[in-house]
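Enquirer: Have a look at the structure that comes next, please.
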Amino acid sequence: MADFTPRVFSGMQPSGDLHLGNYLGAMKRWVDMQNAGTHETVYCMVDLHAITVWQDPKALAAATRELCAGYIAAGIDPERSILINQSAVPEHAQLAWVFNCVARMGWMQRMTQWKDKAGKNAQNASLGLFAYPALMAADILVYHATHVPVGDDQKQHLELTRDIAIKFNHDFGVDFFPETEPVIEGAATRVMSLRDGSKKMSKSDPSDMSRINMTDDADAIANKIRKARTDPEPLPSEYVGLAGRPEARNLVNIMAALSGRSVDQVMSDVGGMQFGQFKPQLAELAAETMGPIGAEMSRLMDDQAEIDRILARGAERAREITAPILAKTYEIVGMVGSGA
Ligand code: TYM
């Protein structure tokens with residue numbers, strides 16, 4: 001494979017209610033990758049993906065700005081990373097059209113997210129929801145991104161991204177798009193509901209007690225952790241001892257991810273504890289970490305003009321990367337007339 005600049009891309013939907021799963025499974029790891037300084041980093045709000053299901057226009061605009069505030073509050077620095085809203089960088093949608101013509105219907109039909117979201121009512125789902133993964137591949141490949149940090153639920157979409165890159169390269173006889181590596185690592189790639197350890201923590205769960213929102217204050221966080229479902233046994237001193245105890249395992253994973261320790265280190269500290277002793281420690285740690293982020297988010301939200309300036313600047317920087325990659329793609333495909 002050709003040599004590609006080490007570059008990270010990742011994104012999140014601006015559909016409201018950011019939660020601890022988004023923070024630990026994605027944002028916190030994006031910040032670590034930014035700070036490591038080994039890769040260029042591009043982080044995106046994917047509003048074009050959000051509208052694959054109905055979004056009230058005012059709410060979408062507010063959620064996009066809120067998400068931008070969330071990224072910055074979590075530690076993404078708009079100088080060191082490129083921070084963008086997807087629709088402001090038109091090359092994403094332009095490359096997605098080319099990929100709509102590379103990807104096969106059968107590939108899309110196999111996507112579990114499509115099956116879950118469209119359900120039995122597929123005939124009534126938007127065409128955009130079906131084509132969603134081709135736009136996601138375009139998001140990544142329009143930067144020739146080499147690494148994509150995500151939670152576990154995005155794995156299948158990243159495999160499809162590689163399939164699209166391979167088929168494009170093969171069909172046109174080029175070595176143009178990289179085979180991007182998913183980065184799904186750490187204790188929190190799948191944060192579970194606080195009420196049911198078999199379900200993912202999610203904004204669509206009707207119970208607010210099932211998740212810690214990034215905007216929850218310290219009292220709300222402590223209350224949710226106190227009421228989190230557990231079992232009557234004390235904590236074991238080894239991680240394997242949590243097999244068959246999904247709620248306990250989830251809380252241990254959350255503690256490890258929040259404190260930046262391995263699960264084994266956490267187990268050696270908390271082994272033998274009852275939940276009555278463990279939960280207040282976790283609540284304190286969660287409130288210490290999440291509280292300031294929520295407060296900083298609301299402070300940033302007070303200056304929308306500044307958020308809009310940051311996004312406009314991000315789009316400008318992004319297009320320095322995406323415009324030449326799209327122009328070259330068009331040339332490979334045989335499209336003329338753009339003057340490129
Ligand atoms: P979205 O908006 O559903 O989620 C954003 C990120 O948060 C992670 N995540 C979780 N991680 C751990 N535990 C959880 N309970 C949890 N819930 C959510 C997700 O895995 C994801 O990393 N299709 C993507 C957005 C997207 C994208 C991209 C991502 C569009 N284009 C290109 C990467 C690269 C999505 O809907 O994520």
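Throughout, read-outs are computed from the coordinates displayed, never taken from laboratory work. Note that the structure is predicted; figures quoted are calculated from it, not measured. In this analysis, Cβ positions are derived from the backbone assuming ideal geometry, glycine residues included, and neighbour counts consider all displayed protein chains.
Enquirer: Return the FRET efficiency for the residue pair residue 36, residue 122: r is the Cβ-Cβ distance, R0 is 56 Å, and the value is rounded to the nearest 0.05.
Expert: Numbers: r = 42 Å, r/R0 = 0.75.
Result of the calculation: an efficiency of 0.85.
Enquirer: Relative to the Cα centre, what is the charge dipole magnitude of the chain, using +1 at the beta carbon of each Lys and Arg, -1 at the beta carbon of each Asp and Glu, and rounding to the nearest 20 debye? Please report the intermediate quantities before stating the final value.
Expert: Details: 34 positive and 43 negative charges, 179 e Å.
Computed charge dipole of the chain: roughly 860 debye.
Enquirer: Pulled fully out, how much extra length does the chain show between residue 174 and residue 296, if you take 0.36 nm times their separation in residues and subtract their Cα-Cα distance?
Expert: 39.3 nm
Enquirer: Roughly how many nanometres apart are two label points built 7 Å out from the Cα toward the Cβ at residue 223 and residue 274?
Expert: In this crude label model, residue 223 to residue 274 measures out at 2.5 nm.
Enquirer: Which residues in region 61-96 place their backbone N less than 20 Å from a point set 7 Å from the Cα of residue 335 along the Cα-to-Cβ direction?
Expert: Label zone hits: 86-96.
Enquirer: Given the alpha-carbon gyration tensor of region 208-299, what are the semi-axes of its equivalent ellipsoid in whole angstrom, ordered largest first, with each equal to the square root of 5 times an eigenvalue?
Expert: Over the Cα atoms of region 208-299, the semi-axes work out to 24, 14, 10 Å.
Enquirer: On to the next question. Name the lysines eligible as straight-distance cross-link partners of residue 167: C-alpha to C-alpha under 28 Å, and not fewer than 8 places from it in the same chain.
Expert: Counting by Cα, and skipping residues close in sequence, residue 167 has these lysines nearby: 115, 117, 155, 328.
Enquirer: Suppose each label sits 7 Å from its Cα in the direction of the beta carbon; what would the residue 233-residue 198 distance come out to in nanometres?
Expert: 1.8
Enquirer: Gap in Å between the Cα centre of region 1-57 and the Cα centre of region 220-274?
Expert: Each part reduced to its Cα centre gives a spacing of 27 Å.
Enquirer: Please rank 301, 105, fewest neighbouring Cβ atoms within 10 Å first, as an exposure proxy.
Expert: 105, 301
Enquirer: Scaled to the compact-protein estimate 2.2 N^0.38 Å, what is the alpha-carbon radius of gyration of the chain, rounded to two decimal places?
Expert: Values: Rg = 20.9 Å, N = 340, 2.2 N^0.38 = 20.2 Å.
Relative to the 2.2 N^0.38 Å estimate, the chain comes out at 1.04.
Enquirer: Additional query: Once you place label points 7 Å from the Cα toward the Cβ at residue 327 and residue 264, how far apart are they in nm?
Expert: Rounded to a tenth, the inter-label distance reads 5.2 nm.
Enquirer: Could I get the Rg over Rh figure for region 3-101? Both from C-alpha atoms, Rh via Kirkwood, rounded to two places.
Expert: Computed over Cα atoms, the ratio is 0.98.
Enquirer: Out of 46, 201, 297, whose Cα points farthest toward the positive end of the dipole of the chain (charges: +1 Lys, Arg; -1 Asp, Glu; placed on Cβ)?
Expert: It is 201, whose Cα lies furthest towards the positive end.
Enquirer: Right, another one. Filter the GluC sites (Glu not before Pro) in region 157-250 to those in DSSP coil with at most 16 other Cβ atoms within 10 Å of their Cβ, and list the result.
Expert: Passing sites in region 157-250 are 179, 185, 238.
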